[in-house]
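Asker: Please see the structure below; I have some questions.
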Amino acid sequence: MIAKKCFHIAFIPLPFLFLFLILRFYILLIIATILQIFFLFFFRDVGREIEGGIISPADGKIMYARNNKISIFMSIFDMHVNLMPYDGRIIKIRHFRGKHLPAYKDVSKNERVEIEIESDIGKIKLIQVAGIFARRIVTYINEGKYVKKGEKIGIIRFGSRVELILPKKCKIIIKEKEKVKAGETVAIINQRI
């Protein structure tokens, strides 16, 4: 399934594929076919079995997991649809324009969307960060809406990093460099032991 609000981008190479087929430009046809397959793969929206606890909001590799903050780097091979990590009300969505530096470095000046969530365990902040190839962060939710854990909250087109800042009473149970899957990986338990 193609991710919401990405259908028009997912099929950009298709007209070129047909044009090169008609013109019998076989090298360009092969390139257009590879690009079309990549676009369909990149903009996929895969259903997930939602687990208990606070879930990972994104596919990817854990870059940072301490001090109540998790940072997840999404490679081009990861699904880029982001999920709600825990039930809560969206109290604020802010979009910051910025640079498009690589998402595995300092991203404090990059374009990002910050989502503040009010939940029964306290305030949670989810930050979607655009990277070097990302040009747009698309949000599926609105302020004031109550969103259940595992619901789709947005996509970062061609990018790149998701950060999660949690209340102090939460305990992060995933480790740095660990691979995670949105919805399926339990990242945090609600209370410190």
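Asker: With axes computed from alpha carbons, what is the tilt in degrees of helix 14-23 against the longest principal axis of the chain, rounded to the nearest 10 within 0 to 90?
Answerer: Helix 14-23 sits roughly 20 degrees off the main axis of the chain.
Asker: Taking only the Cα atoms of region 1-99, how large is their convex hull per residue, in Å³? Could the numbers behind the result be given before it?
Answerer: On the way: hull volume 16.3 nm³, N = 99.
Normalising the Cα hull of region 1-99 by residue number yields 165 Å³.
Asker: How high is the FRET efficiency from GLU114 to LEU40, r the C-beta distance, R0 22 Å, rounded to 0.05?
Answerer: On the way: r = 30 Å, r/R0 = 1.37.
Once rounded, the FRET efficiency stands at 0.15.
Asker: Please list, in chain and number order, the residues 5+ apart from ASP87 or on another chain whose amide H is under 5 Å from its amide H, with Hs placed from the backbone.
Answerer: Placed amide hydrogens put LYS149 under 5 Å from ASP87.
Asker: If each of ARG66 and VAL186 carries a label point 7 Å out from its Cα toward its Cβ, how far apart are those two points in nm?
Answerer: 2.4 nm
Asker: Something else: Loop only by DSSP, 11 or fewer other Cβ within 10 Å of the Cβ. Give me the trypsin sites (Lys or Arg not before Pro) in region 16-67 that pass, ordered by residue number.
Answerer: Answer by residue number: ARG24.
Asker: Quick one: which residues, 5+ away or cross-chain, put their amide H under 5 Å from the amide H of GLY154? H built at 1.01 Å from N.
Answerer: ASN82, TYR140
Asker: For the chain, report the % of Cα-Cα distances exceeding 21 Å. Each step should come with its number before you reach the end.
Answerer: Values: 9584 of 18528 pairs.
Cα-Cα pairs of the chain separated by over 21 Å account for 52 percent.
Asker: Related question: Report, in deg cm²/dmol and to the nearest 500, the calculated mean residue ellipticity at 222 nm for the chain, where each DSSP H run with n ≥ 4 adds -39500 (n - 2.57) and the sum is divided by the residue count. Display every interim value, and only then the final one.
Answerer: Values: 3 runs with 31 residues, N = 193.
Using -39500 (n - 2.57) per qualifying helix, the result is -5000 deg cm²/dmol.
Asker: Okay, moving on. Taking amide H positions as placed 1.01 Å from N in the peptide plane, with prolines and chain starts having none, which residues 5 or more places from GLU178, or on another chain, fall under 5 Å of its amide H?
Answerer: ILE62
Asker: Can you tell me the relative contact order of the chain? Whole percent, Cα pairs under 8 Å, sequence separation 6 or more. Kindly include the intermediate steps, with their values, before the conclusion.
Answerer: Numbers: 475 pairs, mean separation 50.7, N = 193.
RCO, the chain: 26 percent.
Asker: Would you kindly state how much longer the chain becomes between LEU19 and PHE77 on full extension, computed as 0.36 nm times their sequence separation minus their alpha carbon distance, in nm to one decimal?
Answerer: 18.1 nm
Asker: Report ³J(HN,Hα) in whole Hz for each residue of region 61-67, in order, from the Karplus equation J = 6.51 cos²θ - 1.76 cosθ + 1.60 where θ = phi - 60°; Gly and Pro get x.
Answerer: 10, 6, 8, 8, 8, 6, 6
Asker: Rounded to the nearest 10 degrees, what's the angle between the helix 26-42 long axis and the longest principal axis of the chain, both from Cα atoms, 0 to 90?
Answerer: 20 degrees
Asker: Listing HIS95, HIS80 from the residue with the fewest other Cβ atoms within 10 Å to the one with the most, what is the order? Could the numbers behind the result be given before it?
Answerer: Working: HIS95 12, HIS80 28.
Fewest-to-most Cβ neighbours within 10 Å comes out as HIS95, HIS80.
Asker: For region 47-125, what class follows from the C-alpha gyration tensor (a ≥ b ≥ c being the square roots of its eigenvalues): rounded when a/c is under 1.5, otherwise prolate if a/b is larger than b/c, else oblate?
Answerer: On the way: a/c = 1.69, a/b = 1.23, b/c = 1.38.
Since a/c reaches 1.5 but b/c is at least a/b, the shape of region 47-125 is classed as oblate.
Here, each number is a calculation from the coordinates, and none is a lab measurement. Small disclaimer: the values here were computed from a predicted structure and weren't measured. All Cβ positions, glycine included, derive from the backbone under ideal geometry; neighbour counts span all protein chains shown.
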